[in-house]
Amino acid sequence: MEVHYHDYLQLEKILNAQSPESDKNGLPAHDEMLFIVIHQAYELWFKQLHHEADSIVGIMSKPALNDNSPELQTVVHRLSRCVTILRVLVHQIDIMETMTPMDFLDFRDMLRPASGFQSWQFKELEAKLGLKFEHRHGKEYYTAQLRPEHVDIIKKAEGSKSLLQLLKNWLERMPFLKEGADNPFWENYKKTYGNSLAEAERNNLSAFDDIFSDQSSVTDRLLSPAACRAALFIMLYRGYPLLQLPFQLLNCLLEIDEQLSSWRYRHMNMVHRMIGTRIGTGGSTGKDYLKGAADKHYIFREIAQLNSFLIERRKLPALSHEMEIRLGFVS
């Protein structure tokens, strides 16, 4: 049987899936069609992000993952695709902002209590990436407006291994400097790092121990000291062949956080422009809620924090000949 473009894309369903409330109420509002199409496009992109995230989690869940393998290349490629999709989500706000506040008021009150706060796909995606319930802003009511079946989906994602947890496991398996923070390399590195600090940065040395020492008393971090040491080593020596893909993976995760943050802040500013200090249609505090979420919901913040402990390339401790062989630099 031949495949037809119209049937393959199920355009009959898609193109007839817009039913403006303003038309139903006999008060047609021209811009409601734009509002619907953009939010439907968001949900379709969220579906694609789930498709990518599920495949990445599947690969990262394997007990062994060669750090120079086609599988790791696939992970990096799909993470990079997620970053590109998130950039598109940010740019879609440009289209939304062609609608003026008065255009929005033509149909806004007809939408109550519907709200973007009810996007279960987005909340599920955050959980899959690694945003824990206890780290959510407004956690006391973040599922209050969702249907029970959608709450169940999110709870299932929260109870499964997230990408952040799998990242921790993967970093802990890194086959170098396994002796721990008391390895001569890290003792030498800490001394060089300390010498690079300005007087106002001296507290960073105690933070260094909190993050990288196996005897650290800090318990509220999601990445273990061993995982943090591996990630920092990757950042420092990313020029070595074996570490290039791992570095790209870490960089993609930081890009994902950056794009999610950009989306939240653009969304917050758009909401402020559209409704000022009024509450959202779903009953949230509008701009204030969005600002709280934007400030708090950094999923890979512990990776980003490691940039505080980098030193200049020319001051990097020299690696042993054996280590350079293991990293694919010499034979």
Q. Across the range 102-133, what is the total count of residues that are at pLDDT 80 or above and not in a loop (DSSP other than H, G, I, E, B)?
A. 21
Q. Does at least one position in the range 154-163 carry a residue that is surrounded by 14 or more Cβ atoms within 10 Å (Cβ to Cβ), under 24 Å from residue 242 (Cβ atoms) and touching a Leu at 6+ places or on another chain (Cβ under 8 Å)?
A. yes
(Q) Quick check on the range 92-133: of everything there that is of a type in the set (Val, Ile, Thr) and under 19 Å from residue 41 (Cα atoms), which residue is surrounded by the most Cβ atoms within 10 Å (Cβ to Cβ)? (A) 93
Q. Name the helices (runs of 4 or more DSSP H) wholly within the range 206-320 that hold at least 2 residues that are over 30 Å from residue 105 (Cβ atoms)?
A. 225-236, 241-275, 301-304
(Q) Looking at 231, 226, can you tell me which residue is small (Gly, Ala, Ser), buried (at least 18 other Cβ atoms within 10 Å of the Cβ) and modelled with pLDDT of 95 or more? (A) 231
Q. Do we have any residue at all in the range 177-184 that's out of contact with any strand residue (DSSP E or B) (no Cβ under 8 Å at 6 or more places or on another chain), acidic (Asp, Glu) and loosely packed, with under 14 Cβ neighbours inside 10 Å?
A. yes
Q: Filter the range 139-149 for residues that are under 21 Å from the mean Cα position of the chain (by Cα) and either buried (at least 17 other Cβ atoms within 10 Å of the Cβ) or over 16 Å from residue 126 (Cα atoms) (or both) and give the result.
A: 142, 143
**Q.** Test result for residue 22, closer than 30 Å to residue 240 by Cβ, touching a residue at least 60 places away in the same chain (Cβ under 8 Å) and small (Gly, Ala, Ser)
**A.** no
Q: Restrict the check to the range 115-131 and report whether at least one residue is closer than 30 Å to residue 176 by Cβ and basic (Lys, Arg).
A: yes
Q) Is there a residue in the range 164-175 that is within 17 Å of residue 57 (Cβ to Cβ), surrounded by fewer than 14 Cβ atoms within 10 Å (Cβ to Cβ), polar (S, T, N, Q) and modelled with pLDDT of 95 or more? A) no
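Of the residues in the range 291-316, how many are among the aliphatic types (A, V, I, L, M), closer than 26 Å to residue 192 by Cα and touching a residue at least 60 places away in the same chain (Cβ under 8 Å)?
Residues meeting the conditions: 5.
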Q. If you go through the range 83-130 one residue at a time, how many are closer than 26 Å to residue 52 by Cβ, among the charged types (D, E, K, R) and touching a Ser or Thr at 6+ places or on another chain (Cβ under 9 Å)?
A. 3
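To keep it simple, each residue is scored yes or no on (1) buried (at least 17 other Cβ atoms within 10 Å of the Cβ); (2) at positive phi; (3) of a type in the set (Gly, Ala, Ser); (4) modelled with pLDDT of 90 or more.
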{"position": "268", "(1), (2), (3), (4)": "yes, no, no, no"}
{"position": "271", "(1), (2), (3), (4)": "yes, no, no, no"}
{"position": "278", "(1), (2), (3), (4)": "no, no, no, no"}
{"position": "311", "(1), (2), (3), (4)": "no, no, no, yes"}
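The values are calculated or read from the model by the stated rules, or taken from the named source; none is laboratory data. Being a predicted model, the structure only gives us computed values, none of them experimental. Neighbour counts run over all protein chains shown; Cβ positions are idealised from the backbone, glycine included.
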